[in-house]
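The values are calculated or read from the model by the stated rules, or taken from the named source; none is laboratory data. If you're wondering where the values come from, they're calculated on a predicted model, not measured in any experiment. All Cβ positions, glycine included, derive from the backbone under ideal geometry; neighbour counts span all protein chains shown. All accessible areas refer to the heavy atoms of the entire protein, side chains included, with ligands and DNA or RNA removed. Shrake-Rupley method; radii C 1.70, N 1.55, O 1.52, S 1.80 Å.
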Amino acid sequence: MLLSVGASDTELAANIACGADVVCIDLEDTVTDKSAARALAASFHQSGYSGLRGLRINPLEEEDGLRDILMVREASWRPDIVVMTMVKDAHEVVLADRLLPASCRIIALVETAEAVENAGEIARASQRLAALMFGGKDLAYSLGSERSNDALDYSRGRMMVSAAAGGVRALDENYRPLDDLDGLAAASTRVKGMGYRGRLTIDARHVPIINSIFAD
């Protein structure tokens, strides 16, 4: 999944051409102009793009998150996938399931200590839930830990177990530093060995590497 950040038509056009399985418009924390990003999302979802289209929304506990989900509910267009951010418990997924159009699949970002603790319930909260996605940056902040494998692998593994038990996929976070393509390949191979089925990226250069490693 390639996350297209900001509200740039030029960047989005380049991202569409890179071969990602899902191109996802970001409305969350990388976005300063929410109105422009929502307009870009509407334009993208009404375009002739033939791949899967996603939308990463703001947390439902925030006003912007409610605006995002009501926009999708009321719009004439439909994303294939809605990525929920800062999900802390199953009730948020149940609410999204009730509000989103029936055709939308859901991915829940696990990026807080509460989410790791509740990941088993989150994974079973909706039949429309397609995956749990690991979010190491905010999780490290939530835990008061370093953003390192040693610090986060317990949570990464626990989320993987919850996803498998709930019958949904586990997806890893965006890899940094972005220019370290060998590191990306090594990290992707590593989490694939843990049972992960794919990962997020914000860099189109990463897509062929990720596709190759998670192809089978």
Going through region 52-81 one residue at a time, which ones are assigned to a loop (DSSP other than H, G, I, E, B), in contact with a Lys or Arg (Cβ under 7 Å, 6 or more places away or on another chain) and open to solvent by 40 Å² or more (accessible area, probe 1.4 Å)? D80
So for region 10-17 (the condition being free of Cβ contacts under 8 Å to residues at least 40 places away in the same chain, touching an Asp or Glu at 6+ places or on another chain (Cβ under 9 Å) and of a type in the set (D, E, K, R)), does at least one residue qualify? no
If we keep only residues of region 1-12 that are over 23 Å from F134 (Cβ atoms) and not small (G, A, S), then the residue least open to solvent (accessible area, probe 1.4 Å) is L12
Specify the residue that is surrounded by the most Cβ atoms within 10 Å (Cβ to Cβ); the eligible residues are those in region 130-151 that are over 20 Å from V83 (Cβ atoms) and among the aliphatic types (A, V, I, L, M). L143
Failed item in (1) in contact (Cβ under 8 Å) with a residue 24 or more places away in the chain; (2) aliphatic (A, V, I, L, M); (3) in contact with a Lys or Arg (Cβ under 8 Å, 6 or more places away or on another chain); (4) within 21 Å of L3 (Cβ to Cβ), with M133 passing the rest: (3)
Odd one out for R190 among (1) buried (at least 17 other Cβ atoms within 10 Å of the Cβ); (2) farther than 22 Å from A113 by Cα: (1)
Could you list, in sequence order, the residues of region 1-34 that are at pLDDT below 85 and acidic (D, E)? D9, E11, D29, D33
Applying the selection to region 13-37, what residues are part of a helix (DSSP H, G or I) and surrounded by fewer than 21 Cβ atoms within 10 Å (Cβ to Cβ)? A13, A14, I16, K34, S35, A36
Can you pull out the residues in region 157-172 that are on the phi < 0 side of the Ramachandran plot and out of contact with any Leu (no Cβ under 6 Å at 6 or more places or on another chain)? G157, R158, M160, V161, S162, A164, A165, G166, R169, L171, D172
